[in-house]
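The structure under discussion appears below in the form of C-alpha cells.
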Amino acid sequence: MTDCIFCRIASGDIPATIVKRTGDAIAFRDLDPRAPTHVLVIPAKHLRAVRDADGDEDRQLLGRLLAFTAEVASELGLDDGGYRIVTNTGRDAGQSVDHLHLHLLGGRRMTWPPG
C-alpha cells in the first residue's frame, strides 16, 4: 500500500532505525518513545489490525509476529525486568497508523491500568 507509512518503512522507502528484520516482520525504534525501550513491530504484509487477519495464513502470521516480538525483547535485554506488548485497534484505542503494529515497551516500571 503506497500511502501507508509503515508499508513504506517495510519496503525501505522511508528510513527507520531497524532493530531486527525477518521475511515477514520488521522491528524498529519508535520516533516518539514512551519508555526507555520502545520498539514498533510490524508485519511486512499490510494488515490494518488484528481483527483483519483473515484465514489461516494471516492467523499464523499473528503468532509469528508475537513470537518475533518476544525474541526482540530478549535480544534487547528486557527479559529480567519485564516488558509490555501493546496493540491498539481503532481511533478510540489510539491507533494512529492503519497498519497492524505492536508496541514493545520496557526499561521502566509499567503501571496499571495503562490510561
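Each value in this text was obtained by applying a stated rule to the coordinates, not by laboratory testing. All values reported here derive from a predicted model rather than from experimental measurement. All Cβ positions, even for glycine, are placed from backbone atoms using ideal geometry, and neighbour counts span all protein chains on display.
Quick test of your reading of the structure: Asn88 fulfils all but one of (1) under 11 Å from the mean Cα position of the chain (by Cα); (2) outside any loop (DSSP other than H, G, I, E, B). Name the failing condition by number.
Looking at each condition in turn, Asn88 falls short on (2).
Consider the range 26-74. How many of its residues are of a type outside the set (A, V, I, L, M, F, W, C), farther than 17 Å from Ile9 by Cα and more than 11 Å from the chain's Cα centre (by Cα)?
Going through the range 26-74 one residue at a time, the tally reaches 17.
So which of Ile26, Ile5 ends up being among the β-branched types (Val, Ile, Thr) and farther than 19 Å from Gly94 by Cα?
Just a single option satisfies the conditions, and that option is Ile26.
Considering only residues of the range 75-85 that are charged (D, E, K, R) and over 11 Å from Ala35 (Cβ atoms), which is nearest to the chain's Cα centre (by Cα)?
Here the answer is Glu75.
Assess whether Ala44 counts as being closer than 16 Å to Leu100 by Cβ, touching a helix residue (DSSP H, G or I) at 6+ places or on another chain (Cβ under 8 Å) and among the small types (Gly, Ala, Ser).
Here the answer is yes, as Ala44 does meet what is asked.
Restricted to the range 32-57, and to residues that are among the small types (Gly, Ala, Ser) and over 15 Å from Thr89 (Cβ atoms), which residue is surrounded by the most Cβ atoms within 10 Å (Cβ to Cβ)?
Among those that are among the small types (Gly, Ala, Ser) and over 15 Å from Thr89 (Cβ atoms), it is Ala35.
Among the residues of the range 91-115, what is the count of those that are of a type outside the set (D, E, K, R) and over 17 Å from the mean Cα position of the chain (by Cα)?
Adding up the residues that qualify gives 6.
Restricting the first residue to the range 43-64 and requiring it to be free of Cβ contacts under 8 Å to residues at least 60 places away in the same chain, which pairs with a second residue that is among the polar types (S, T, N, Q) and crowded, with 16+ Cβ neighbours inside 10 Å meet a Cβ separation below 8 Å and a spacing of at least six or different chains?
From the range 43-64, the pairs are Ala49/Thr87; Ala49/Gln95; Val50/Thr87.
Would you pick out the residues in the range 91-107 that are assigned to a loop (DSSP other than H, G, I, E, B) and surrounded by 12 or more Cβ atoms within 10 Å (Cβ to Cβ)?
Result: Gln95, Val97, Asp98, His99, Leu100, His101, Gly107.
From the list Ala10, Ala35, Ala73, Ala25, which one is of a type in the set (A, V, I, L, M, F, W, C), under 22 Å from Ser96 (Cα atoms) and free of Cβ contacts under 8 Å to residues at least 40 places away in the same chain?
Residue meeting the stated conditions: Ala10.
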